[in-house]
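This report refers to the structure that appears directly beneath it.
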């Protein structure tokens, strides 16, 4: 199994197909990252909400 | 037969606590498969003698397109289980599979379009395969919109389950479209039964990407499901304790 390109520049341009291949991969990686980060952010928001609730309760009991 | 596992599976709390331990392992295996598959596909798989380097998009395009359909089945079957057995957990999985499946369908359309430009000379054509996948994307969006359209969660769940089940008719149409209508889109290159028309040097990275993206799909659905569990069980003691614990860890 060998590296299929002559140089790094050749790898980037892919004989003219570089923009197509690289944009397809970048868009996909961004979308995959979104699918992981969106639920993680939702979880963090819930924790923040809980923090507010907790401080409200503490203030109320004072 | 022991049905205990089935009842446990129906408990959102059990699901949440079980998956907490699984997540890091699934994430490590998924990440490794995707990194290896992408590098192999981009740099080490041989160039295609007819399409040139643009064919390297197949390593993403084909697995995400498969998952767009598999995800729809998963969503619809979860909806059916929810309707038949009134299982809370099934509806939660159905609701969580929708955004993940929608992103997969979106990616199948976008990567296909980018691949189409250098290969067919056009970004888009109203070919049977492309049109039926676009319909799939609208079905996913329909389920997501329907879920948010109702005030009452039970009504929303039932409506989404029914829409998912009705939309299932589209999946065999997508699958067979390249055989029924002779179109620009090429027929399947990997066959479970019979000879694949793809060379092993390209097949192995493709299989790695398929495995990696199946796992990634599972991982994403689990992540969405966990958040939805917390959202729906937010008034219970265990969720309250769990979030309070997280708050204390931050302090």
**OP:** Once every Cα of the protein assembly as shown carries one equal point scatterer and solvent is ignored, give the base-10 log of I(q)/I(0) from the Debye formula at q = 0.08, 0.15, 0.16 Å⁻¹, two decimals.
**Re:** -0.43, -1.23, -1.33
**OP:** Mind giving me the nanometre distance, one decimal, between the label points for residue B:124 and residue A:10, set 7 Å out from Cα along Cα→Cβ?
**Re:** 3.7
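Which whole-number percent is the relative contact order of the range B:1-131 (Cα, under 8 Å, 6+ apart)?
It rounds to 24 percent for the range B:1-131.
Give the average, rounded to an integer, of partner chain Cβ atoms located within 10 angstrom of each Cβ in A:32-40.
The mean count of partner-chain Cβ atoms within 10 Å per residue comes to 6.
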**OP:** For helix B:237-250, report the angle its Cα long axis makes with the longest principal axis of the Cα atoms of chain B; keep it between 0 and 90° and round to the nearest 10°.
**Re:** 70
Subject >> Gain in span if fully extended, residue A:54 to residue A:31, counting 0.36 nm per residue against the direct Cα distance >> reply: 4.8 nm
Original post:
Using 0.36 nm per residue, how much length does the chain from residue B:26 to residue B:73 gain when fully extended, once their Cα-Cα distance is taken away?
Top reply: 14.7 nm
**OP:** Take the alpha carbon gyration tensor of chain B, find the square roots of its eigenvalues, order them as a ≥ b ≥ c, and report rounded if a/c is under 1.5; if not, report prolate when a/b exceeds b/c, else oblate.
**Re:** prolate
**OP:** Return the average number of partner chain Cβ atoms within 10 angstrom of each residue Cβ along peptide B:234-245.
**Re:** 2
Original post:
Going highest first, how would you order B:105-112, A:8-15, B:147-154 by mean Cβ packing within 10 Å?
Top reply: B:105-112, A:8-15, B:147-154
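Across peptide A:41-47, how many C-beta atoms of other chains are within 10 Å of each residue C-beta, on average? Don't skip to the answer; put the middle values down first.
On the way: counts 1, 7, 7, 2, 1, 8, 9.
The shielding value for this peptide is 5.
Determine, from the Cβ-Cβ distance of residue B:35 and residue B:180 and an R0 of 35 Å, the FRET efficiency 1/(1 + (r/R0)^6), rounded to the nearest 0.05.
That gives a FRET efficiency of 0.40.
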**OP:** Before anything else, pin down the relative contact order of chain B: Cα pairs under 8 Å, at least 6 apart, normalised by residue count, whole percent.
**Re:** 29
**OP:** Quote the FRET efficiency, to the nearest 0.05, computed for residue A:41 versus residue B:48 with a Förster distance R0 of 41 Å and r equal to the Cβ-Cβ distance.
**Re:** 0.55
Original post:
Among B:174, B:58, B:198, which one shows the biggest mean-square fluctuation in a GNM of chain B, springs joining Cα atoms closer than 10 Å?
Top reply: B:198
**OP:** Using only the alpha carbon atoms of the range B:87-202, find the Kirkwood hydrodynamic radius as the inverse mean reciprocal pair distance, in angstroms to one decimal.
**Re:** 16.2
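Throughout, read-outs are computed from the coordinates displayed, never taken from laboratory work. All figures in this text were calculated on a predicted structure; none of them were measured in a lab. Neighbour counts are summed over all protein chains in view; Cβ atoms, including those assigned to glycine, are modelled from backbone coordinates with ideal geometry.
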